[in-house]
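One structure is given here, and the rest of the page talks about it.
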Amino acid sequence: MKLQRHGLVVALAAAGAILLAACGSDPNSGSGAAAGSSSANSPAVDCNGKASLNAEGSSAQKNAMDVFAQAYQAKCTNAKIAYNPTGSGAGVKQFNAGLVDFGGSDSALNATNGETTAAAARCQNNPAWNLPMVFGPVAIGYKVNGVSSLTLTGEVAAKIFNGQIKTWDDPAIAALNSGVTLPAEPINVVFRSDDSGTTDNFQKYLKASSKGAWTQGDGKKFNGGVGSGAQGSAGVAQALAGTEGSIGYVELSFTQDNKLDMAKIDSGSGPVELTDATVGKAIAGVTVTGQGNDLVLDLTKTYAGPPAGSYPLFLATYEIVCSKGYDAATATAVKAFLTVAATDGQANLAAAGYAPLPAEFQQKLLTAVQAIA
């Protein structure tokens, strides 16, 4: 299956450290001038902040950051942002340690394990906010010779990823794939070895959708107890592409880049392929559960009971920022970059495999970004 990337509501990426330089020119902007965004409803961008921002985290943001940096350079000359896509867990840790200006994570800060408290301490005893900039479907990618179509349920997927189902010709898989010849070969599970928001969301999905088959819980570390690990999204996709009989979870663009097949998901109304329309249908019903400008989303309800005909496995990538507590120059620069990302930065996402934010959600983000102090 080949999807048209420009129609997808996704935020997907590859791994590897990058330096994003924002040093172009715009007749309406400069390193010491404020410049308005291209949208009449968008706030102005103040380019008078510090010249260099540092950020780290979700590997699903790397390509989005490329696009956002290009838009940023059109607003603020001589400014730059260094984004290191080391994974969501690393991004949260580096942000909480005060080593980067904002973090990228495919999961919101976790109060139970102390992330929220640590973030508030880093922000000079002010709350940190989770700002979802992009959404991305997670594919269950696989490589099995002779099998180009595969349907799974949440329950069967859970049993594969916790080792209860060990071979491709298992009766539970066969029952969902009438007419498909499944080989009698071992299933090779591939998972993220690093702390990962993708892992967290995937395990939340298994927990919500598997009718009790997944008892391993969630979190940024894979808890299934089977398979082999690979570093980052790119590492997982490459391992899948190089291993016969393999299956794993990875953001959509990596499955496409590595020419992997993707499983359909049957949530009770029949098999659903991962497409722009089916993912968008699932995303449409997601609600904000965070308070005020902390835009935490509740995805578990959609995981457990998605609308008929929707593809339910997706994640939101958050920018984790201080509501207050930055020095003035850093606050100005963070606001400038995120304002551009939420406005002008959306215009060129299609060519990179992304889609612009829905207008109503864009306004929520801009309200939160402008409230950073």
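The values are calculated or read from the model by the stated rules, or taken from the named source; none is laboratory data. Everything quoted here is computed from the prediction, not taken from an experiment. Ideal geometry is used to build each Cβ from the backbone, glycine not excepted, and the neighbour counts take in all protein chains shown. The protein model used for the area step is the full one, side chains on, heavy atoms only, and it has no ligands, DNA or RNA in it. Shrake-Rupley method; radii C 1.70, N 1.55, O 1.52, S 1.80 Å.
Are there any strands (runs of 3 or more DSSP E) wholly within the stretch 226-274 with 2 or more residues that are open to solvent by 20 Å² or more (accessible area, probe 1.4 Å) and more than 19 Å from LEU176 (Cβ to Cβ), and if so which?
Fully inside the stretch 226-274 and qualifying: 228-230.
Quick one: GLN73 ticks every box in (1) farther than 21 Å from GLN370 by Cα; (2) touching a residue at least 40 places away in the same chain (Cβ under 8 Å); (3) open to solvent by 30 Å² or more (accessible area, probe 1.4 Å) except a single one, so which number is it?
GLN73 satisfies every listed condition except (1).
Before we move on, is GLY146 assigned to a loop (DSSP other than H, G, I, E, B) and either surrounded by fewer than 24 Cβ atoms within 10 Å (Cβ to Cβ) or touching a helix residue (DSSP H, G or I) at 6+ places or on another chain (Cβ under 9 Å) (or both)?
When the stated conditions are applied, GLY146 passes them.
Can you name the number of the only condition in (1) in a loop (DSSP other than H, G, I, E, B); (2) in contact with a strand residue (DSSP E or B) (Cβ under 9 Å, 6 or more places away or on another chain); (3) under 30 Å from ASP101 (Cα atoms) that GLN291 fails?
Answer for GLN291: the failing condition is (2).
Is there any pair linking a residue in the stretch 282-293 that is at positive phi to one that is of a type in the set (Lys, Arg), with Cβ under 8 Å and at least six apart or on different chains, and which?
Correct list of pairs: empty, since none qualify.
Can you confirm whether the stretch 184-199 contains a residue that is surrounded by fewer than 17 Cβ atoms within 10 Å (Cβ to Cβ), of a type outside the set (Lys, Arg) and not in a strand (DSSP E or B)?
Yes, some residue in the stretch 184-199 is surrounded by fewer than 17 Cβ atoms within 10 Å (Cβ to Cβ), of a type outside the set (Lys, Arg) and not in a strand (DSSP E or B).
Which count do you get for residues in the stretch 200-213 that are assigned to a loop (DSSP other than H, G, I, E, B) and either among the polar types (S, T, N, Q) or under 22 Å from the mean Cα position of the chain (by Cα) (or both)?
1
Of everything in the stretch 330-373 that's part of a loop (DSSP other than H, G, I, E, B) and out of contact with any Ser or Thr (no Cβ under 8 Å at 6 or more places or on another chain), which residue is modelled with the lowest pLDDT?
ALA355
Within the stretch 109-143, count every residue that is open to solvent by 10 Å² or more (accessible area, probe 1.4 Å) and among the aliphatic types (A, V, I, L, M).
Residues meeting the conditions: 6.
Looking for something at positive phi, modelled with pLDDT under 95 and not aromatic (Phe, Trp, Tyr) - is there at least one such residue anywhere in the stretch 239-257?
No, there is no match, as no residue in the stretch 239-257 is at positive phi, modelled with pLDDT under 95 and not aromatic (Phe, Trp, Tyr).
Among the listed residues GLY98, GLY163, identify the single one that is touching a residue at least 40 places away in the same chain (Cβ under 8 Å) and surrounded by fewer than 24 Cβ atoms within 10 Å (Cβ to Cβ).
GLY163
Please find, among GLY229, GLY290, GLY219, the residue that is within 16 Å of the chain's Cα centre (by Cα) and not aliphatic (A, V, I, L, M).
Exactly one of GLY229, GLY290, GLY219 is within 16 Å of the chain's Cα centre (by Cα) and not aliphatic (A, V, I, L, M), namely GLY219.
Could you identify the single residue in LYS281, LYS364, LYS324 that is touching a Gly at 6+ places or on another chain (Cβ under 8 Å), open to solvent by 20 Å² or more (accessible area, probe 1.4 Å), basic (Lys, Arg) and over 18 Å from SER105 (Cα atoms)?
Of the residues listed, the single one that is touching a Gly at 6+ places or on another chain (Cβ under 8 Å), open to solvent by 20 Å² or more (accessible area, probe 1.4 Å), basic (Lys, Arg) and over 18 Å from SER105 (Cα atoms) is LYS281.
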